[in-house]
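Here the structure comes first, spelled out in structure tokens, and everything after it is commentary.
The values are calculated or read from the model by the stated rules, or taken from the named source; none is laboratory data. Quick caveat: nothing in here was measured; it's all calculated off a predicted structure. As a convention, Cβ positions derive from the backbone with ideal geometry for all residues, glycine included, and neighbour counts pool all protein chains shown. Ligands, DNA and RNA are stripped out before the accessible areas are found, and what is left, the full protein with its side chains, is counted by its heavy atoms. Shrake-Rupley method; radii C 1.70, N 1.55, O 1.52, S 1.80 Å.
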Amino acid sequence: MKPAAFEYAAPSSLQEATKILADYNGEAKILAGGQSLVPMLNFRLLKPQILVDINRIPNLDYIAEHNGGVRIGALTRHYALETSPVIAARFPVISEAMRHVAHLAIRNRGTLGGSLSHADPAAELALMAILLDARLTAASASGTRIIEAKDFFVGALSNALEESEILREVEFPGFPLFTGWGFEEFAQRLGDFAVAAAAATLTMSGARCTQCRIAVIGGETVVRAVNAEALLTSSSLDDKTITAAAKAAAQATPMNSDLRASSDLRAHLVEALTRRALEAAKHRALEKQQ
Amino acid sequence: MNKSHTIRIKVNGTAYERAVEPRLLLADFLRETLGLTGTHIGCEHGICGACTVLVNGHSMRACLLFAVQLDGAEIDTVESLGTVDKLHPLQESFREHHALQCGFCTPGMLMTGVDLLRKRPLATDDEIRDGLSGNLCRCTGYEHIVAAIRTAVRERDEVSGKAVR
Ligand SMILES: Cc1cc2nc3c(=O)[nH]c(=O)nc-3n(C[C@H](O)[C@H](O)[C@H](O)COP(=O)(O)OP(=O)(O)OC[C@H]3O[C@@H](n4cnc5c(N)ncnc54)[C@H](O)[C@@H]3O)c2cc1C
Ligand code: FES
Ligand code: FES
């Protein structure tokens, strides 16, 4: 189908863009990569009065090191994230996750800010934001504010931004030393949205785990598996504890049921994927200590 | 109908200036406005890959872009590759390997192939399959398309004297 008619603006500054959003009072839509928005327009699931194309706004497309972490402009394309040497060095877990985000032609256009704002419960970048405690900067006509990733995803396809706010930057804080990571996904084909996925980081001090983070895809939103994390923190990451933690991760949130998988199958997948992600993370953390 | 915007755009090396309605998709601009019907439209939501073209050198879905966004851009469609008398090497390889039957998916496969050949080592058939995973073909069963790209990879690496990585 073809989209319903709309007006089009391509502002050249954030101020101008936020002003249009405020003027149209909920009837405007931000257009970034368009890889999620345009399908919805073509299906006429959305009929905004105006599209505010942010692709002409300068300085929104960058990956900059900051305090051992990175700050990434919202308009950074998936392809830039996938191939960035800075990301590969600082956040190899993100480089790995990017291999699972859609296909080359979609990655060439789709953006970090668009993926997070779209808030698909199966999006790998949402998983990364939740896993790595990302801090999101939103800009509006009245200034900027920081939103923690855990407060950003309020439901499937719904985020914490106000109508007139634009996501401007995403910060991934740095890893402590001796941190290992793991990322595991189950999808029907490489590049499809995840049916289920799990990602983990483990920080070690000697033979003990000092910090553990686990995030899973399978439910209504991406969640941290806090009970599983608690089991592993201060443990020696022995097989029994990893098995128990993987079981706990499958209970972290009620799993979705749809055409692709029942909730039981998703719980089973999350358990298996969490176990693999934890084993990979443990292995990498130990390797770093040597 | 909403106010038209005038865009200047280069398609296959030729400069055009056209007034476009905001909701006009790049795929329809190419096919309807410019009469370049090589770019095919299958699904209009990014799934099938038939509409894939190069935008400033990078493969993108022409059904997920509006023409109005592309003022100043350079687009390459399948028509830019070769002619019936002088096929592009990738087209020649598709012909050689019977990598098409009805040909509906072929423009998208070729333009995706061009970008993959520039960006990825494609050292294994698995890597080629992964690269093509965003393009659907209802006829060939894909094997011959993979073989055609494999030959193009070999030619690319012979010319450059080595594999990319
Ligand atoms: C065939 C196909 C397969 C895909 N597979 C995957 C996959 O496996 N995994 C995955 O994660 N994604 C997948 N995607 C989605 C893709 O990653 C999109 O790029 C992404 O979801 C949206 O980013 P975008 O820049 O295209 O945003 P857009 O489509 O432009 O926007 C999406 C939404 O976010 C809003 N928005 C955009 N930018 C901002 C901003 N800066 N501030 C506030 N709001 C904003 C828009 O108004 C809109 O509501 C797939 C898409 C397609 C077409
Ligand atoms: S028509 Fe564009 S991807 Fe199917
Ligand atoms: S040759 Fe018919 S769809 Fe691919």
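Side notes on the structure shown:
- Theoretical ellipticity at 222 nm over chain A - DSSP helices of four or more residues, -39500 (n - 2.57) apiece, nearest 500: -10000 deg cm²/dmol
- Per-peptide average of other Cβ atoms within 10 Å, ordering A:26-33, A:271-278, A:6-13, B:117-124 highest first: A:271-278, A:26-33, A:6-13, B:117-124
- Normalising the average separation of contacting C-alpha pairs (under 8 angstrom, six or more residues apart) by the number of residues puts the relative contact order of the stretch B:1-130 at 26 percent.
- Spin-label pair residue A:45-residue B:125: with each label point 7 Å from Cα along the Cα-Cβ axis, the two points sit 3.7 nm from one another.
- Rule-of-thumb Rg ratio for the stretch A:18-135 [Cα; 2.2 N^0.38 Å; N residues]: 1.10
- Set of lysines near residue A:150 by C-alpha distance (under 28 Å), chain-local residues within fewer than 8 positions excluded: A:19, A:29, A:247, A:282
- About the centre of its Cα atoms, the stretch A:63-172 shows a dipole size close to 300 debye [charges on the beta carbon of Lys, Arg (+1) and Asp, Glu (-1) only; nearest 20 debye].
- Probe 1.4 Å, protein heavy atoms only - accessible area per residue of the protein assembly as shown in square angstrom: 43 Å²
- Taken residue by residue and averaged, Cβ atoms of other chains lying within 10 Å of the Cβ of A:189-201 number 1.
- Shielding of B:59-68 by partner chains, average beta-carbon count, 10 Å: 6
- Screening chain B for DSSP H helices whose Cα atoms reach 18 Å or more along their own axis and whose mean Kyte hydropathy is at least -1.0 gives B:106-119, B:143-160.
- Global form of the stretch A:138-290, assessed from the alpha-carbon gyration tensor, a/c cut-off 1.5: oblate
- Within the shell defined by Cβ-Cβ distances under 15 Å, the residues around residue B:87 carry a net charge of -3, with Lys and Arg each +1 and Asp and Glu each -1.
- Taken as Cα centroids, the stretch A:1-65 and the stretch B:1-78 sit 18 Å apart, rounded to the nearest whole angstrom.
- Chain A - percent relative contact order, Cα under 8 Å, separation 6 or more: 16 percent
- For peptides B:104-116, B:39-51, A:178-190, A:58-70, sequence by mean Cβ density within 10 Å, most packed first: B:104-116, B:39-51, A:178-190, A:58-70
- Accessible area buried by the pairing of A and B, both sides summed with a 1.4 Å probe, works out to roughly 2700 Å².
- With a 10 Å cut-off around each Cβ of B:42-52, the average count of Cβ atoms from other chains is 4.
- For the listed peptides A:224-232, B:28-36, A:259-267, a ranking on the average number of other beta carbons within 10 Å per residue, highest first, reads A:224-232, B:28-36, A:259-267.
- The Rg/Rh ratio of the protein assembly as shown, with both radii computed over alpha carbons and Rh defined as the Kirkwood radius, is 0.98.
- Dimensionless Rg ratio for the stretch B:89-160, taking C-alpha atoms and the 2.2 N^0.38 Å reference: 0.98
- Each part reduced to its alpha carbon centroid, the stretch A:229-290 and the stretch A:154-228 end up 12 Å apart.
- Surface composition of the protein assembly as shown: carbon plus sulfur atoms hold 50% of the accessible area, using a 1.4 angstrom probe and ignoring ligands, DNA and RNA.
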